[in-house]
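The values are calculated or read from the model by the stated rules, or taken from the named source; none is laboratory data. Remember, predicted model here, so these are calculated numbers, not experimental data. Cβ placement follows ideal geometry from the backbone for every residue including glycine, while neighbour counts extend to all protein chains displayed. Quick note on the areas: whole protein, heavy atoms, side chains included, nothing else; ligands and nucleic acids left out. Shrake-Rupley method; radii C 1.70, N 1.55, O 1.52, S 1.80 Å.
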Amino acid sequence: MGSAGRATDAGLATEMPLEDGDPVRPRGQQVNGEVSGVPRLRGMQDLSLRDTTAPGGSRTHVMAEGWEPGPALGDGDLTLQRAPQRAGQPEEALMSELSQLVQKVVKSSSWWERHGVDISILACSFLLLLPAEGCRTCSWPSSCPTGFSTGFLCLRSAQAIPFLAGVLILGVVHHTLTVKGSHLASHNALTESKSWSKVWAIFFIELCSAFTVEQATYNHVKIHHGYTNVIGLGDSSTWKIPFLNRYVYMFMAPLAVPILTPLVALGLLRNVEWKAALRTLCCMFLGFYCHYWLLLHVSGFQSPWSALLCMLLTRSLLAHPYIHVNIFQHIGLPMFAADRKPKRIHLMSLGVLNLPRNALLDWSFGHSLISCHVEHHLFPSLSDNMCLKIKPIVSQFLKQKKLPYNEDTYSSRLWLFLQKYEELMVHAPPITELVGIQ
């Protein structure tokens, strides 16, 4: 993966362009050939965004400190004029100042804080997949003669509680390796060695997650992070399935994620070199076969179909929050045109949202995807633990500079998406234009 997998150099202030020669073709996000109304926001330097109702309708509503609404420019337009106050710092200076504060914390942190904590979580998850020798006849973890049992062994039990415990263990372990592990590996956040970063990327993304490293890196690191909330590029529209109604999409469709993921990966293999495609196919097959073999020979499943059904169950255990988190933290926030996107610090503070901490999701998905998503988008090469460590610095800095720091609860976002599903997930979002800071 090398340079292709790193969003920024140590997550500093420069915007991340695509590599030379990488074609970029906006996917387009229009309805009937048009994009919804274009609100214009003035005086961005002292902006403190408190409430943005993104889409669908004819206008975007914004409330900000020190701002006054101007006269309407017509249906679909909203002009906010700032009350007279001192000019803010240039955008580059703001990002540079924040980067220096973060770098001081990073340099003063130990290896354990930078990488060790997250590696330990992944290692613990991997160990739970290794069956203990001599425990294959155990019906419940407490009866294990060596005092150690895994989710695979729990599935041998005919009793409901240990069997469900096995499903829970395997489901959490699977998502920890495939979501947290793959995400950190795609950003080279597990190690400072480029060679080992590529090894871990292949292991977590291809072997565990059944996806291709090259396409995962390009689409997530280069497009989504390089063009966050930019229409046709990093606008999260790949998560939208307009022909599904709200209840099917939010509560039933996530169950198909374990099936759709390898199918999408196979479709993307035509875009990579044949050697990379062959490697991906081998890793995908090995990952599936190892899971299947363990269910048959360790968990004791007698039927291939029952083993496959258990695979689907454990791999989709946390698929609902996985889908929800990916749409909650970007869709519904300001979206920008590619030729009018603001500088990095404004782009990330406006277009990214943090959810509250949650023990299960923090462990399985990582802090950078849950409660530290703003920090992650500003400094993508930092590990989950380091994102959590710099969170107070980033939040205090943005609030002091009167920049948005978006936070909301899981339940609040879920209710919003159920109430405004068509506006958020079906219709094209309005384009936000920040006048005065371009």
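Of note:
- Distance (nanometres) between label positions extended 7 Å along Cα→Cβ at Q159 and N326: 3.8
- Whole-Hz ³J(HN,Hα) from phi, Karplus 6.51 cos²θ - 1.76 cosθ + 1.60, for the range 372-387, glycine and proline x: 10, 6, 4, 4, 5, 6, 6, 9, x, 8, 7, 6, 4, 5, 6, 4
- FRET efficiency estimate (nearest 0.05) - Cβ-Cβ, V264 to Y289, R0 22 angstrom: 0.65
- Each Lys or Arg adds one and each Asp or Glu takes one away; over the other residues whose Cβ falls under 12 Å from the Cβ of L295, this sums to +2.
- Taking a straight line from the alpha carbon of K402, these lysines sit under 21 Å away, with near neighbours fewer than eight places off in the same chain left out: K341, K343, K391.
- Relative contact order of the range 221-305, pairs being alpha-carbon contacts under 8 Å that are 6 or more residues apart, as %: 10
- Residues in the range 211-302 average 50 Å² of solvent-accessible surface per residue, probe 1.4 Å, ligands and nucleic acids excluded.
- Between amide H atoms placed 1.01 Å from N, distances below 5 Å from M335 occur with T432, all of them 5 or more places distant or on a separate chain.
- Surface per residue (accessible, 1.4 Å probe) for the range 335-411, Å²: 31
- Set of lysines near K275 by C-alpha distance (under 21 Å), chain-local residues within fewer than 8 positions excluded: K194, K198
- Counting charges near L414 (Lys, Arg +1; Asp, Glu -1) among other residues having Cβ under 12 Å from its Cβ returns a value of +2.
- Pairwise FRET efficiency - K107 versus L244, Cβ, R0 = 45 Å, nearest 0.05: 0.40
- Accessible surface of the range 233-337, 1.4 Å probe, proportion on carbon and sulfur as whole %: 74
- Largest to smallest accessible area among W274, W196 [probe 1.4 Å]: W274, W196
- Net +/- balance of residues flanking I370 in space, Cβ distance below 14 Å, scoring K and R +1, D and E -1: -2
- Whether the range 330-438 is rounded, prolate or oblate, judged on the alpha carbon gyration tensor where a/c under 1.5 counts as rounded: oblate
- Distant-in-sequence amide H partners of E407 (H built 1.01 Å from N, under 5 Å): N354
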